[in-house]
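Read-outs throughout are calculated quantities, based only on the coordinates presented, and are distinct from any laboratory measurement. Predicted model, so just to flag it, every value in this text is computed and none were measured. We place every Cβ from the backbone using ideal geometry, glycine too, and count neighbours over all the protein chains shown.
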Amino acid sequence: MNIWKVTKKYEVWLGRFINLLKADLRLKHQNMASDVFVFLRATYYWWALIWRRVCPDLANAPVVLAVGDLHVENFGSWFDRLRRWIWGINDVDEAYPLPYTNDLLRLGTSAILALDSNRLKQLTPEAACQTILDGYRAGMESGGKPFVLAEHPQLKRLLNKNKRNPQAFWTKMQDLAREGKLRGKDVPARVLAALESLLPNRKLKLRIFHRPVGEGSLGRKRFTGLTMTNGSPFAVEAKALAPSASVFARGGKSQQSYYMQILRQAVRCQDPYVQVVRRQILRKVGPEYLRIELNTLTQLKDERLLLWCMGFETANFHLGTSGAQAAVLADLNERPATWLVDNAKKMANKMHKGRSKFAKRLARTKVPPVPNTVQLQAD
């Protein structure tokens, strides 16, 4: 299946639902071509087309409302309504009913590619996939539990190593707001209304600008609104809601989104700022929203801890599907011990080949390169 043609076809399909930015798509293509791990993150639409063909033994597993685009960088932290610091999956744009094996396969594949690209350094592919499976099984058997960081000091320690300088963060945001401020006519009324719905005071005035971040969603318009409240900066973001690429893979036209459904039914302490309003995905932006950067893990025990927690958190989401616990555990018990690593290696190999072909095709185009943009917050 030609990755270049599939990419162009997907972008045309996606453009029927939301506005896309050509310059950001060019940047996305450059990033895809340069790094296999980024390629995985940016091409869920291709994954959705090929994973059943590459791993047919996994396609008939019990169906759950799955995250879809799961990978080892799709985890971060937030604060719930009780101001507790929470860690877990932070992007569910591609949520869709799928065999539970999809999420584990993609998570395992991303761990292998993280090892290949030297993001993870200590584990073997076998150990990484087994650790994910161990965490997942523990979550499924226990019925799940959210990751309140006060109860997980070692995970909290890893997050604290990634703390950002608030002053530097907000200075950069002010610069972006000044350089890229959008005029009123460039901000759709529904977007402005959605952003204002998150403000602590509706009388606050927002400076709105576009901020290109992420990998998979790079190319979609993100409207970031910046203001001051009680002497402190406050920022919110709106991103257009789009159908899952799983719809594209099946040749469908449905615009149904499972974004809020999967969040509501998961075993989870919700981020109160994450909402869908007027078909816009809303969230708060700030230096306190952290992700554990893989290159900050210097010990084998830390890599094991993080991957085990990722497996457990995946179970937290799958448990939201009625009847999933018994069905998934029964299916797991029937699978051979190395099913995940064996299939994840196949998909990792596909990703390497796909990136190489995409890079060669991109090199033959006459489209000028786009300079990289500093990413303040992971997608």
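Electrostatic bookkeeping for Leu307 treats Lys and Arg as +1 and Asp and Glu as -1; over the other residues with beta carbon under 15 Å from its beta carbon, the sum is -1.
If both residues of a DSSP beta bridge must be in the chain, then about 95% of such bridges are antiparallel. Once backbone amide H atoms are built at 1.01 Å from N, Gln280 has Leu241 as its partners under 5 Å, excluding neighbours fewer than 5 places away on the same chain.
Rounded to the nearest 20, the Cβ-based charge dipole of the chain about its Cα centre (Lys and Arg +1, Asp and Glu -1) stands at 1760 debye.
Residues considered: His152, His210, His29. Largest GNM mean-square fluctuation over the chain, using C-alpha springs under 10 Å, is found at His152. Other residues with beta-carbon under 10 Å from the beta-carbon of Gly88 carry, at +1 per Lys or Arg and -1 per Asp or Glu, a net charge of -1. Distance between the modelled labels on Ile18 and Asn165, one decimal in nanometres: 3.3 nm (7 Å Cα→Cβ projection). A cut-off of 5 Å between modelled amide H atoms, ignoring neighbours fewer than 5 places along the same chain, links Lys161 with no other residue.
Quick check: from the Cα gyration tensor, does segment 247-379 come out rounded (a/c under 1.5), prolate or oblate? It comes out rounded by the Cα gyration axes.
Remark: segment 271-282, residue by residue, has Karplus-estimated 3J(HN,Hα) of 7, x, 8, 7, 8, 10, 10, 6, 6, 10, 7, 10 Hz, where x stands for each Gly or Pro and the curve is 6.51 cos²θ - 1.76 cosθ + 1.60 at θ = phi - 60°. In this structure, Ala138 and Met228 have a Cβ-Cβ separation that, at R0 = 41 Å, corresponds to a calculated FRET efficiency of about 0.40.
The listed peptides 344-355, 251-262, 38-49, 188-199, ordered by packing as a protection proxy, come out as 38-49, 344-355, 188-199, 251-262 (highest mean of other Cβ atoms within 10 Å first). Calculated FRET efficiency, Gln265 to Lys366, Cβ-Cβ distance, R0 = 41 Å: about 0.30 to the nearest 0.05.
If r is the Cβ-Cβ distance from Ser34 to Lys203 and R0 is 56 Å, what FRET efficiency results, to the nearest 0.05? FRET efficiency, Ser34 to Lys203: 0.80. With the simple model of a label 7 Å out from the Cα in the direction of the Cβ, Thr338 to Thr298 spans 3.4 nm.
The Cβ shell under 13 Å around Asp103 holds other residues with a net charge of -3, Lys and Arg each +1, Asp and Glu each -1.
Each label point was placed 7 Å from the Cα along the Cα-to-Cβ direction; for Asp57 and Asp175 their separation is 5.2 nm.
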